[in-house]
Amino acid sequence: MELRTMVKAESPRALEQPGKMYVKGKYLYVNEIKKGIHIIDNGNPASPKFVTFINIPGNGDIAVRDNILYADSFSDLVSLDITDPAAPKEVGRVKNVFKNGLFDGGGWSLNESVGAINDQNVEWETETITVNCEENVSPGWWWGGIIAFADRAFLSNSSSAAPQSSGSNGQAGSMARFALDRNFLYAVGQSQMHLFNISKPAQPVDFATINLGWGIETIFPYDNKLFIGSATGMFIYDNTNPAEPKQLSMFQHGRACDPVVVHENIAYVTLRTGTACAGAQNQLDLVDVSNPSAPQLIKSYQMENPHGLSVDFPTLFLCEGKHGLKVFDVTDKFTVDRKLLAHFKDMHAYDVISLGKTLLLIGEDGFYQYDSSNPKDLRLLSKIPVGKAI
């Protein structure tokens with residue numbers, strides 16, 4: 001079967017192995033690891049409804065600008081018109097732009113000489129690509145050469161980022177590997193950052209590649225800067241000229257997985273151990289980035305196994321994997337450990353997005369929405385459990 005002909009809208013289906021989440025307007029987009037994207041009408045957060053499922057082999061992430069959805073499909077970047085969310089249509093594709101991918105339990109690489117992607121366990125065949133994919137991947141997976149998406153600019157009440165793009169964009173979680181800024185889309189891989197020109201949104205063009213080093217994991221755009229998390233530290237890039245990001249500094253830490261979010265002059269960095277992360281650190285670092293050329297550690301706080309995080313200052317929402325969700329008051333950056341507002345232990349928490357009075361959370365067991373008007377007492381609005389279609 002031709003892999004590149006398999007991208008299409010299908011009937012809604014239940015969550016099986018949810019990965020990343022993305023929100024724009026009243027619609028929620030949830031990745032089904034390696035399989036595609038669920039589109040969910042979230043106009044009533046108490047009663048979300050599945051609209052359609054987009055079959056996208058090798059998909060890991062999502063980003064949306066206006067009516068165009070960007071998604072990875074193994075080595076390709078795909079753009080889809082979602083003007084009608086019930087009938088998405090592929091309108092553009094950049095082929096063989098990502099040379100390899102890495103995630104918990106396995107990886108893949110593109111062999112251009114024979115038109116093949118080499119991996120493990122499951123084999124896909126097309127006219128141009130043979131794919132062998134790892135089957136059992138948890139939401140803790142990470143791609144080395146595939147993209148992930150983050151644009152937190154569309155919400156004026158979100159303190160985790162500042163408006164930086166020219167279109168109407170959505171918002172991703174802190175685990176994202178993709179950022180939108182003006183006429184550019186940034187995709188970080190294991191060692192590089194790809195720049196795509198999206199001045200014609202439906203037809204992205206591969207524009208440039210920047211070598212970053214090794215173990216690159218996440219990207220967070222904030223205040224004309226790009227904060228890039230890696231297995232060994234946080235890079236800060238000046239993005240005043242979006243066509244030519246310039247490295248300002250690197251804040252180093254021990255080997256660990258490293259998502260980053262920023263509010264004003266403080267970067268919040270979680271470090272965790274795990275299959276793909278190695279190391280022995282499970283902590284939250286607060287870093288002073290008032291001088292982005294010389295970031296300084298403010299204080300480290302021990303955690304259990306921190307994953308994604310989101311700031312709606314002065315509240316910090318922090319995912320602890322199988323240990324649930326923790327909520328902190330970070331008004332005083334030196335006493336965060338003594339300002340735990342709440343600890344919710346009855347869910348798996350992989351990543352979280354704060355929308356002010358609403359909180360979105362995703363984990364291995366499903367998707368949750370909370371009324372977060374009172375951070376000390378989150379009120380469950382709805383849950384989409386794994387194995388159930390709504």
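The values are calculated or read from the model by the stated rules, or taken from the named source; none is laboratory data. Fair warning: this is a prediction, and the values are worked out from it, not measured in the lab. The accessibility values were calculated without ligands, DNA or RNA, using every heavy atom of the protein model including side chains. Shrake-Rupley method; radii C 1.70, N 1.55, O 1.52, S 1.80 Å.
The table below gives the values:
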{"quantity": "Cα-based Rg and Dmax for segment 163-244, where Dmax is the largest Cα-Cα distance (Å)", "calculated": "12.0, 36"}
{"quantity": "For segment 354-390 versus segment 280-324, the gap between their alpha-carbon centres in whole angstrom", "calculated": "21"}
{"quantity": "Nearest-10 value in Å² for the accessible area of M303, using the 1.4 Å probe", "calculated": "20"}
{"quantity": "Given K8/K95; K26/K89; K24/K89; K20/K357, the pairs whose alpha carbons are separated by over 23 Å", "calculated": "none"}
{"quantity": "Segment 215-369: relative contact order in percent, alpha carbon pairs under 8 Å with at least 6 residues between", "calculated": "13"}
{"quantity": "Distance histogram in 10 Å bins (all Cα pairs of segment 59-100, percent per bin)", "calculated": "32, 52, 15, 1"}
{"quantity": "log₁₀ of I(q)/I(0) at q = 0.12, 0.16, 0.17, 0.20 Å⁻¹ - segment 197-299, Debye sum with one point per alpha carbon", "calculated": "-0.42, -0.70, -0.77, -0.99"}
{"quantity": "Segment 275-390: equivalent-ellipsoid semi-axes (sqrt of 5 x gyration tensor eigenvalues, Cα, Å)", "calculated": "26, 17, 12"}
{"quantity": "Euclidean distance between Cα centres, segment 3-44 to segment 53-92, Å", "calculated": "10"}
{"quantity": "Principal axis dimensions, largest first and in whole angstrom, of segment 203-251 by Cα", "calculated": "34, 22, 15"}
{"quantity": "Order of exposure, largest accessible area first, which applies to I210, I198 with probe 1.4 Å", "calculated": "I210, I198"}
